[in-house]
Amino acid sequence: MAQKKGSKQEVADDEIHVPLQAILMADSFAQKFRPITLERPKVLLPLVNVPMIDYTLEWLASAGVEEVFVFCCAHAKQVTTYLDRSNWRSQPNFAITIIESHDCLSIGDALRFIDQRNVVRGDFVLVSGDVVSNMPLTEVLRQHKERRKKDKLSVMTMVVKRSKLSPITHQSRLGNNELVLVIDPASKQLLYYDAGFEPANKDSSQRQIVKHVILDKSIVADRSAVQLCTDLQDCHIDICSPEVLMLFTDNFDYQRLRRDFVKGLLSDEVMGNKVYTYEIYRDYAARVDNLRAYDTISKDIIHRWTYPLVPDIQFGGNRGASKLDRCNVYKGPGIVISRTAKIGENTVLGEGTVIGENSVIVNSVIGRGCIIGNNAIVENSYVWNNVTIGDDARMKESVVCDGVVVKSGAVMEPGVVLSFKVVIGSDFTVPAYSKISLVAQPTEEGSSDEELECADTTSDAGESPPGSLPVELSTPNGASSEILMDSVAARQWDSSEVGNQGAGFKWIIKEGSQTEEWRHSVAPFPKELLEDILKRQIHYDNEDAIDSGAISGAESTPSTGLNDDDDVDDLDQDEQENDSSFFEREVEETFRRAVSETSGVQQDHVVLEVNALKLAYNLSFSDCAGAMFRAFLNLALEEPHTSSASGELLSNTTLVITKWAPLLKRFLKSEDDEVEVLLKFEEVCVEASKEFARLFVLILQLLYDKDLISEDAILSWAFEKKGADESDKVFVKQCEKFIQWLQEASEEEDQEEET
């Protein structure tokens, strides 16, 4: 009878609905956003004018999560206040519980603290509060649960996504180190994890590229193949079993999730716990880990890769009142733009912003309530709420926090970070990569944001605009905010750091960490540094001819990750096509960065990056030329025109080719390269942008007139088409008269030479 009663109880337990839970870490336990995060937690920093945590919460709610535990440590009061005032508390079937602790110094401490609360009842989603994603969770949860039914030691599933590394810096587009994973291709079990080499001198510019992965013999002994991946991005989204929390409790040396916990599990043969991977393809997932990632993800949001989490759609802290115009320009309500101001592509203007005469805003995000004076230039920058930018001021690739005042004539060079309420004096130039804050630089290098947290202060005057947050300033002895603001106003600041009548401390970049500042900045790498890294990389390549993908086991033959019977020449065609599309996209992104340089383009920098991509993808100058020309055509298409207005499209294309002809010419080393441009042009006309089809001969003549495509290349292209199908001769026939004219001109030249 007891046994029968037990079976009934098991059935009843199965029928009980267990809500899908998530643990959201509202503290990253890192310092990459300092000095900003000394005053406000990172999850509340605006990402395209919406606090980061709202992207994460919106994704969790849309993916079916019903209960979220938000863990807070540093600035817990600000996070709690924001969530209490938000609409998240009133969302149906979506409960938020805040767990607060002021004693945790790592994510390991945080997970041990949560385990003590006994709030997790089943498999849960573990995510940081700075993750942006639109991926569904249905399939990854299904796979995780299926594995758990067969093997209780399957404790975690990590979400990953393909992401090509920079061939020069060996970092991802998000500014992270090269990630090395070894995966069982059949089961997707993670066998090896390395988040990147950390040099002893903390200067990554001096690091040698590690080209060997040494695996324990037992890992490869029972497997026909293993897969080495250096092109996967860790999305920092994990599906965890409840045992994960217990493992942290049992192992107090686990402080970091990846470097301690994951690597610890992979090396622990006694317990046998397993970690698996789940790769996403079309969906989006990325973490704002540093300022370079902040810049990249902001651009992805503006370009709508994160749909439906985009500026003109209502979600979370985004009221969705922005209007989307051409060329990815988003305009909030109540903005005032002078008739002579120029608003360039990929720009977001927040509610109530005012822009003066002849000012230029391009590739930038402007927050709410900002005032930008006359003749100001803001490019590739992030300006938050209630910022004042004076007449003739200029900033490029900078981050400017709430309440900052940049006085007339001031210049922000690339990589500058101005924290809350900093004042930059008139006609003062802030050097590149400078960080300025009203909070003095901590003297203790290991001090956490929690230890340095200070009293809240509100805006100086008037009611804060919607979406704005209280700011914290440094008060070592717990002084009131009124006394603090009086002391800020009365203090004599160093004019060599912030200019006359400026306010703020300039943070000193520690010795040996300059390269890290460059790597994690919103500004591109300096040209000189890229050249130096490339030279050193070539030197290492010459010293060591071993392929970077080699895997060797202890006393075993190196494995390439392919079965012994597999032929390298039989690589999957789809993968080759993906590599080509990745290459073309990266070339176009490099070119677009050059286009956005309104103050002058360094074409040598573009050539250097594209040549590095060529080496990384093992391609030719012909591929570079074709990809660059395709980027030209895409740029011409984005200029305002109607589908029926061929004259406007031709005019746009003429302007682009005329301006950038010298850049394209750098990749046209031979007649074959020129022919490749024509073949790429045909491909674009047929597959992608059919608007160009009727303009083919006119653009071909333009390329000929600009000395980009030679007479011999055009004739060779036409000759190659003679034996082709009729469908492949469409554009040759369109150009018959022009080709005939070239042939006759060539014959006349030959006759003149003979006489």
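Lys and Arg at +1, Asp and Glu at -1: add these up for the other residues within a Cβ distance under 13 Å of ASP391 and post the number. Once positives and negatives cancel, what remains is -1. The ranking of THR56, THR340, THR429, THR347 from fewest to most other beta carbons within 10 Å of each one's beta carbon is THR340, THR429, THR347, THR56.
Taking a ≥ b ≥ c as the square roots of the eigenvalues of the alpha carbon gyration tensor, the range 13-133 is oblate, as a/c is not under 1.5 and a/b does not beat b/c.
Using the Cβ of GLU497 as centre and a radius below 12 Å, the other residues enclosed give a net charge of +1, where K and R count +1 and D and E count -1. In plain terms, the residue of ASP268, ASP427, ASP295 with the fewest other Cβ atoms within 10 Å comes first and the most crowded comes last, giving ASP268, ASP427, ASP295. If you take all other residues with their beta carbon under 14 Å from the beta carbon of VAL411, and give Lys and Arg +1 and Asp and Glu -1, the sum is -3. For the range 604-639 versus the range 101-180, the spacing of their alpha-carbon centroids is 35 Å. Amide H contacts for GLY367 (H built 1.01 Å from N in the peptide plane; partners 5 or more residues away or on another chain; cut-off under 5 Å): GLY350, VAL383, TRP384.
Since every read-out is calculated from the coordinates, none of them should be taken as a lab result. Just so it is clear, the model here is predicted, and its values are computed rather than measured. Positions of Cβ are backbone-derived with ideal geometry, glycine not excepted, and every protein chain shown enters the neighbour counts.
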